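The values are calculated or read from the model by the stated rules, or taken from the named source; none is laboratory data. Predicted model, so just to flag it, every value in this text is computed and none were measured. Every residue, glycine among them, receives a Cβ derived from its backbone with ideal geometry; neighbour counts consider all protein chains shown.
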Amino acid sequence: MITRYPVDHRNLSHEDHLILKILQLYYGHHLTQAEVAQRMGFSRPKVSKLISEGRARGLVKIEIVEPVGDFAPLEIALEDHYELSEALVVSSAEGRRANELAAGMAGGAILARHCTRATVLGIAWGISLRALADVLPTRAFMCGKVVPLVGGVGRTEAALHSNQVCTTLAEKLYVESLDLAAPAIAPSSRSRTELMEMPGIEDVLAEGAACDVAVVGIGGIVPTSTMVGAGYFTLEEFLELGDRGVVGDVCCHFIDESGNPCLPGFSERVVGLTLDQIRAIPKVIGIATGAEKAASVAAVLKGGYASALVCDRELARALLEVER
């Protein structure tokens, strides 16, 4: 639809009249620049220059529709600020579960654009990944195989384990999934080494490290952390990590506000990909909701552990404010 803005022709120069005629032909009559050039007897570059000059002089106004509830400006701001390949923002709902499901559906939309029949898809663990698996419809996208990025056995709710999330996704996508028969966190670095020597575990993690696309949750130092639910920390112990410079975790590895590794002794117990291996995956999609995770998500993005982000509106706004 063309909206016309009346102006007094007495205030227009001869060049303005010429530009306006070209603008009418180009925008009003939908001629190509080549067609306008042929009709006016100009070169196409001259027509292009006059159209640009018309925009600069305010002789034409281009308006982009911005529907209520559209978060494109927020997404662009996040992409620019954190140098992301893609950001997708969803509405913030009253309940946490609704937020997680909305983010999961958005994560599926990104996967549908980037996965093919040959894609090896790596999956972490936690509430966000569980929501992704639950909300996706059957055959939502194509991939070749689903592999866990971190151990999937522990005291937390079984549905949150990486093995269970991978199985659910694989069943919906009608593809193979691998199983990592190990806890996310071993009792000690020595026991982790022993686990890695067991048949299958090292091979599965090697496939995870070689995956094409990965989806990871981003944990914060918050009472609802899966780390606490899994029994790896008491609530008091976990919240005290903030006093040691920890702001969050990705695939069970703790990081500080700049995205640098924290607590190396704990990372040595993680039965999963290392931070360097996560950073080396071609496309990593981070999923998180809730403004309380702003510091941890910002750290993950600054550390380069995720190149794309799905979050809700409140977290998006907090991410743009966190460094201020």
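Which members of the stretch 223-235 meet the condition of being surrounded by fewer than 16 Cβ atoms within 10 Å (Cβ to Cβ) and not in a helix (DSSP H, G or I)?
223, 224, 231, 234
On the basis of being assigned by TED's automatic domain parsing to the domain that holds residue 89, touching a helix residue (DSSP H, G or I) at 6+ places or on another chain (Cβ under 7 Å), within 22 Å of residue 93 (Cβ to Cβ) and surrounded by 16 or more Cβ atoms within 10 Å (Cβ to Cβ), does residue 301 make the cut?
Here the answer is no, as residue 301 does not meet what is asked.
Give 267, 189, 258, 177 a once-over and let me know the one that is among the small types (Gly, Ala, Ser) and under 21 Å from the mean Cα position of the chain (by Cα).
On the way: 267 fails: under 21 Å from the mean Cα position of the chain (by Cα); 189 fails: under 21 Å from the mean Cα position of the chain (by Cα); 177 fails: under 21 Å from the mean Cα position of the chain (by Cα).
Testing whether each residue is among the small types (Gly, Ala, Ser) and under 21 Å from the mean Cα position of the chain (by Cα) leaves just 258.
Among the residues of the stretch 68-124, which ones are assigned to a helix (DSSP H, G or I) and in contact with a Cys (Cβ under 7 Å, 6 or more places away or on another chain)?
Answer for the stretch 68-124, where residues must be assigned to a helix (DSSP H, G or I) and in contact with a Cys (Cβ under 7 Å, 6 or more places away or on another chain): just 103.
Among the residues of the stretch 34-55, count how many are at pLDDT 90 or above and among the basic types (Lys, Arg).
3
Working only within the stretch 236-293, note down all residues that are assigned to a strand (DSSP E or B) and either out of contact with any Ser or Thr (no Cβ under 9 Å at 6 or more places or on another chain) or among the charged types (D, E, K, R) (or both).
Answer for the stretch 236-293, where residues must be assigned to a strand (DSSP E or B) and either out of contact with any Ser or Thr (no Cβ under 9 Å at 6 or more places or on another chain) or among the charged types (D, E, K, R) (or both): 249, 270, 283.
Here are the criteria: (1) out of contact with any strand residue (DSSP E or B) (no Cβ under 6 Å at 6 or more places or on another chain); (2) closer than 18 Å to residue 150 by Cα; (3) surrounded by fewer than 20 Cβ atoms within 10 Å (Cβ to Cβ); (4) of a type outside the set (Lys, Arg). Tell me which single one residue 258 does not satisfy.
(2)
If you take the residues in the stretch 223-268 that are among the aromatic types (Phe, Trp, Tyr) and touching a residue at least 24 places away in the same chain (Cβ under 8 Å), which one is farthest from residue 127 (Cα to Cα)?
Filtering first and then ranking leaves 266.
Would you check which residues across the stretch 261-284 are surrounded by fewer than 16 Cβ atoms within 10 Å (Cβ to Cβ) and either of a type in the set (Lys, Arg) or under 19 Å from residue 244 (Cα atoms) (or both) and list them?
Hits for the stretch 261-284 are 261, 264, 265, 268.
Restricting to the stretch 145-174, and then to whatever is surrounded by fewer than 17 Cβ atoms within 10 Å (Cβ to Cβ) and modelled with pLDDT of 95 or more, can you tell me which residue is nearest to residue 104 (Cα to Cα)?
The selected residue is 171.
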